[in-house]
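Colleague: Input: one structure, supplied below.
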């Protein structure tokens, strides 16, 4: 039996390639994602081991109120280390050297065109120049000595085309500043940057004043241990001396924490890639199932002869599964090799985008090898299981028949499909509408979608014949077209499985498009109903520090002719009664309430005293607050006790949270406004006012002025990018589905050799044979697309309904994209028919008639 299986495989090489290719592509995604995340993790581990090699101990302030406990010093805006602590640390036994360091994120350099120089990593640092060491290497020039001098890293110099002596502008805390480049530095290993960041280093007083708001303070203290003193011993001594007011960590701990944090982010990327790999493999399973089903049907006489010669049912099952194992092993090996190549290529792109120049170390984890072969073999064997059972049921007497075994009734498979689909719908509904929490909700949704897809696939044969017949009528204007339509409806099981593969890919894309389109429409409707201001002044946040602008500009906006009101918004992290949260403040509460359609639930929301605050009704209910209650608010630079003077409400998805008086802004980590709402009087021209506000912000390219429609477009443009990325990734599933159509047609042509020969013998021309195969292919593809559009729209509508309480209230379909998917399916059908139709047209008529 083993020799017979191997000979069967070698005799049908094309079938072997087409069957295995789907698994190769899916395994490639699995192996590639694991290789990518492992390689990036190792690269970042090496990077941060280098970055902290001169740091034995770091002393940093405790995170500002409202911030994560693991926030680094660059994130602790408002929390600083005074000069006295630096002197104290220097005097501790075991300290060789200690120097204060200023380092914050959010120093945005501007190019010669006045536009912000973007960082792909969102890391745009400003700090004080501490000189060179084994990591930082000055390549040209010198360190800064005057307040208007700066040294920049080589990555920024290359990106912005800066040289010694050039003038460079930067936005720091919302204000533009100009400097002269006096030095350019790089890092050990001939790297221009560490991970693609941009960095500008000033004199220490300048860095303290611009970045921290006052001199005599630092972001952290970097400590070098004396010879023979371990990092942990020194950290314990410093921590004991300074007490609980500071965070003391060893260099090894810092490197590990930073690396672990990045690896956690890489896990998310890994999950995404593995998710798409799962889709590809799921679609590939349909291809393999169909392939083995056709093979078993074609080899009915061969298998029956083997039964007649004494082969048992167990041996028949084993022979088919052995073929699957061989295909799975080969596909797993090829997929692993392809995955290593893809992972290495993506790793190179990730580590070199933005001039990061990370030293990429390719790592092939054992999990990639195990997963590649496990997935390849398991998927193939599971897909071949039902065809193998069918092979075992072939009676020996079938060896005397000329035709393959006829199709069985669809009753049992339809009932099974209905049960599975209902089960999937129940699980999906539990995930979308139930009271599950955490990852259980996600798993319920994923399981529900998977089970529902299987149920639809099982039900597809029931509807295949009438629907395919109806679709085929549109192309059956000639005899070949009529034959092609009838051929596609002849075997509903085969047509259903082939179409189901395409259905999965298009259903997922359609479902995602429906959700994103509904989100965009809901945001658009919400903004038009919620925002009453004519102009919105804001910026796109690209780092942990939101873009801001000078407070003085608010007054200048109010002085513009035609402006009736301006409401500035300030934002900060905070702790309210011990809970980490975000708070906002405004300099004109009445104007803000009108601009954002805030409604009074109780108390007053028309104005705020210096120790008063208002909160949204949802937060008030959850925290059991009412007008007159007091709350303790801790801010990065201060805080105090505030009395709840009012409770407001707004539409779902609108303004929410705590609003503090303008007097509280001095305690915020960022004391400049991050946005403003401008209302224009009825007789004034909005366009004219916008032009004048734009002129006020000419020196701050991070901030834009938009009317309501432009603002909504800015807020929803991200969804277009997400949708494009998902479409690109799901293209793999579409490609595999197209291979399934090719495979089905190719095997069908072999199965119908005599039939095609008879058609040619009675006068059908070659181009008519090609047309017949093409109609059959297009009909199957369009059937899969129609099914996918229906299922995807239904899934998308269910998700939108589940998100109703989160403000997604408008159901919207991407009709243009759905039509495009339908056209794409027809194109796929035409392309998939090329090779099988050519082969069918080239059949030798006499040999085909005599074919056994």
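Colleague: Can you tell me which residue is farthest from the chain's Cα centre (by Cα) among those in segment 111-151 that are under 25 Å from residue 262 (Cα atoms) and assigned to a strand (DSSP E or B)?
Modeller: Applying the filter and picking the extreme gives 136.
Colleague: In segment 698-716, which residue that is surrounded by fewer than 20 Cβ atoms within 10 Å (Cβ to Cβ) and in a loop (DSSP other than H, G, I, E, B) is nearest to the chain's Cα centre (by Cα)?
Modeller: Ranking the qualifying residues of segment 698-716, first place goes to 701.
Colleague: Now a separate question. Only one of (1) buried (at least 17 other Cβ atoms within 10 Å of the Cβ); (2) in a helix (DSSP H, G or I); (3) at pLDDT 85 or above fails for residue 811. Which number is that?
Modeller: For residue 811, the failing item is (2).
Colleague: Would you mention how many residues in segment 468-482 are over 17 Å from residue 785 (Cα atoms) and either outside any helix (DSSP H, G or I) or in contact with a strand residue (DSSP E or B) (Cβ under 9 Å, 6 or more places away or on another chain) (or both)?
Modeller: Count: 3.
Colleague: Right, next: Of all residues in segment 215-244, count the ones that are more than 37 Å from the chain's Cα centre (by Cα), in a loop (DSSP other than H, G, I, E, B) and in contact (Cβ under 8 Å) with a residue 40 or more places away in the chain.
Modeller: Residues in segment 215-244 being more than 37 Å from the chain's Cα centre (by Cα), in a loop (DSSP other than H, G, I, E, B) and in contact (Cβ under 8 Å) with a residue 40 or more places away in the chain: 4 in total.
Colleague: Tell me which of these residue 799 doesn't satisfy, since it passes every other one: (1) at pLDDT 75 or above; (2) more than 26 Å from residue 723 (Cα to Cα).
Modeller: Here residue 799 meets the rest and fails (2).
Colleague: While we're on this one: Among the listed residues 638, 682, 666, which satisfies the condition of being in contact with a helix residue (DSSP H, G or I) (Cβ under 8 Å, 6 or more places away or on another chain), farther than 30 Å from residue 112 by Cα and outside the structural domain of residue 525 (by TED's automatic domain parsing)?
Modeller: The conditions single out 638.
Colleague: In this structure, is residue 840 surrounded by 17 or more Cβ atoms within 10 Å (Cβ to Cβ) and either under 23 Å from the mean Cα position of the chain (by Cα) or within 30 Å of residue 515 (Cβ to Cβ) (or both)?
Modeller: No.
Colleague: Continuing with the same structure: Of the residues 678, 665, 689, which single one is in a strand (DSSP E or B) and surrounded by 16 or more Cβ atoms within 10 Å (Cβ to Cβ)?
Modeller: On inspection, the qualifying residue turns out to be 678.
Colleague: Please tell me if residue 508 is more than 24 Å from the chain's Cα centre (by Cα), in the same structural domain as residue 727 (by TED's automatic domain parsing), part of a helix (DSSP H, G or I) and closer than 30 Å to residue 726 by Cα.
Modeller: Answer is no for this residue.
Colleague: Let me ask something additional. Condition first: farther than 28 Å from residue 62 by Cα and assigned to a helix (DSSP H, G or I). Now tell me which residues in segment 588-646 satisfy that.
Modeller: 589, 590, 591, 592, 593, 594, 595, 617, 618, 620, 621, 622 - these are the residues of segment 588-646 that are farther than 28 Å from residue 62 by Cα and assigned to a helix (DSSP H, G or I).
Colleague: Can you tell me which of 493, 532, 465 is in contact (Cβ under 8 Å) with a residue 24 or more places away in the chain, surrounded by fewer than 22 Cβ atoms within 10 Å (Cβ to Cβ) and either in a loop (DSSP other than H, G, I, E, B) or touching a strand residue (DSSP E or B) at 6+ places or on another chain (Cβ under 6 Å) (or both)?
Modeller: 532
Colleague: Answer yes or no as to whether residue 146 is surrounded by 15 or more Cβ atoms within 10 Å (Cβ to Cβ) and closer than 27 Å to residue 699 by Cβ.
Modeller: So residue 146 does not fit the description; no.
Colleague: Looking only at segment 681-690, which residues are out of contact with any strand residue (DSSP E or B) (no Cβ under 6 Å at 6 or more places or on another chain) and within 17 Å of residue 709 (Cβ to Cβ)?
Modeller: Within segment 681-690, 685, 687 qualify.
Colleague: Do any strands (runs of 3 or more DSSP E) entirely within segment 1-110 hold 3 or more residues that are at pLDDT 75 or above and surrounded by fewer than 20 Cβ atoms within 10 Å (Cβ to Cβ), and if so, which?
Modeller: Strands (runs of 3 or more DSSP E) meeting the threshold: 95-101.
Colleague: Of the residues 807, 763, 796, only one is in the same structural domain as residue 464 (by TED's automatic domain parsing), at positive phi and either in contact with a strand residue (DSSP E or B) (Cβ under 8 Å, 6 or more places away or on another chain) or in contact (Cβ under 8 Å) with a residue 24 or more places away in the chain (or both); which?
Modeller: Result of the check over 807, 763, 796: 807.
The values are calculated or read from the model by the stated rules, or taken from the named source; none is laboratory data. None of these values were measured; they are calculated from a predicted model. Virtual Cβ from ideal backbone geometry, glycine too; neighbours counted across all protein chains shown.
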